[in-house]
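The next block holds one structure in the form of structure tokens; read it before the comments.
The values are calculated or read from the model by the stated rules, or taken from the named source; none is laboratory data. These numbers were taken from a predicted model, which means no experiment stands behind them. Every residue, glycine among them, receives a Cβ derived from its backbone with ideal geometry; neighbour counts consider all protein chains shown.
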Amino acid sequence: MASVFSPLTKNIGIDLGTCTTQVYVEGRGIIFSEPSVVATDERNQKVVAVGKRAEALFAQSPETVKIHRPLVNGVIADYSVTRTLLNYILGKVVRTVQRMRVMLGVPAIASDVEKRAVMEALFRAGAKEAYLIETGAAAAIGTGLPVFEPMGNMVVDMGGGTTNIAVLSLGGIVISKSVHSGGLDLNEALKEHLRTVYAVVTDDATIEEMKVYNGSAVLPLENRNYYFTGRSLDDGLEKEVTVQAGEIYEVMGRPLLKILELIRRTLRQTPPELAADIMEHGIVLTGGGSLLKGTEQLISQETGVPVLIASDPDKAVARGAGTALKRREQLHSLVQGVESIYKRRF
């Protein structure tokens, strides 16, 4: 049997996101970033593609291909599809027969049943050792925050389906919270606005582009226009629509309120001495949702706390999971193994 220090062991950190999956391999960094989707052929229900290929195939043949997202709000919604996705991921990142030691990030609100489902999917996909870590803690480690120091560190990870918040100190979690709100909620709010105001629908790629190009968490200085063509709900024909930046700002404000309220609640519950550290050093934002223009400005205005966006914020969780795996003895209070999850079954 190979020792834990065997060169044949691959240490892998995974951020299995609702929208995108990122994979970190020790010594190589982030080597995988693809959509968290699986495509099946509707005629025979067989899996035909995963990740980028699944999205491309769906765009080519939407009549016969169906897209499945194995995760909803950051937790497993379809076990068999999740297994397929993990098999594909681990097959891509490990080319030879090696031991795979895997650490995967899960939301703070994930139940023991959901955690066991993730563990079982990892083992069935070929992992020899599997561990879980809360997404907020992984994000903090991935950004290089001094989590071992006797000071308060606060991170807000804004993912596609879930926002995770963690306050850490002395190598442990002081407060950890999650809310089912993220980048997908912003997209859904835009879709609903287009349906109700303009009676038009459009594809996900256009919605995402609209959000990136014209979206803002704060009132935009320039009320520029975004032009696109959608399908009219009245007659089914193509319809040209113009949406202004100020309009998008108002639409996206509603989903962002849920995240702001969770941040405020977390700050209120943080012990005073740690809250003072956070007031001095600031809140760190991670996750793809943090890239929405003005997000750090909005949070700082509403909380009175300095806010900064981490470098490569969308990669922080995977990088942190991989780092925590390497230092799991030091971070034992943050890492959950098979025994700690399964012993609570009874």
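Structural remarks
- Among the residues of region 43-65, those identified as surrounded by fewer than 14 Cβ atoms within 10 Å (Cβ to Cβ) and farther than 23 Å from residue 159 by Cα are 43, 44, 45, 46, 59, 60, 61, 62, 63.
- The single condition from (1) hydrophobic (A, V, I, L, M, F, W, C); (2) outside the structural domain of residue 266 (by TED's automatic domain parsing); (3) in contact with a Ser or Thr (Cβ under 7 Å, 6 or more places away or on another chain) that residue 117 fails is (3).
- Being acidic (Asp, Glu) and in the same structural domain as residue 201 (by TED's automatic domain parsing) is a property that residue 129 lacks.
- Close contacts from region 124-152, counting a first residue that is in contact (Cβ under 8 Å) with a residue 60 or more places away in the chain and a second that is assigned to a helix (DSSP H, G or I) and among the hydroxyl-bearing types (Ser, Thr, Tyr), with Cβ to Cβ under 6 Å and a gap of 6+ residues or different chains, come to 141/323.
- Residue tally, condition in contact with a Phe, Trp or Tyr (Cβ under 7 Å, 6 or more places away or on another chain) and charged (D, E, K, R), over region 34-77: 0
- The residues listed here are 250, 296, 329; of these, the one that is under 30 Å from residue 191 (Cα atoms) and either in a loop (DSSP other than H, G, I, E, B) or without any contact (Cβ under 8 Å) to a residue 12 or more places away in the chain (or both) is 250.
- Residue 253 being of a type outside the set (A, V, I, L, M, F, W, C) and either over 22 Å from the mean Cα position of the chain (by Cα) or crowded, with 20+ Cβ neighbours inside 10 Å (or both): no
- The set of residues from region 46-64 being over 19 Å from residue 19 (Cβ atoms) and either of a type in the set (Lys, Arg) or at pLDDT 85 or above (or both) comprises 46, 47, 48, 64.
- Any chance residue 26 is modelled with pLDDT of 85 or more, within 20 Å of the chain's Cα centre (by Cα) and among the acidic types (Asp, Glu): no
- Any hit, region 173-192, residues being farther than 23 Å from residue 287 by Cα, assigned by TED's automatic domain parsing to the domain that holds residue 229, in contact with a helix residue (DSSP H, G or I) (Cβ under 7 Å, 6 or more places away or on another chain) and at pLDDT 90 or above: no
- Flag if residue 217 is in contact with a Leu (Cβ under 6 Å, 6 or more places away or on another chain), surrounded by 15 or more Cβ atoms within 10 Å (Cβ to Cβ), closer than 29 Å to residue 17 by Cα and of a type in the set (Gly, Ala, Ser): yes
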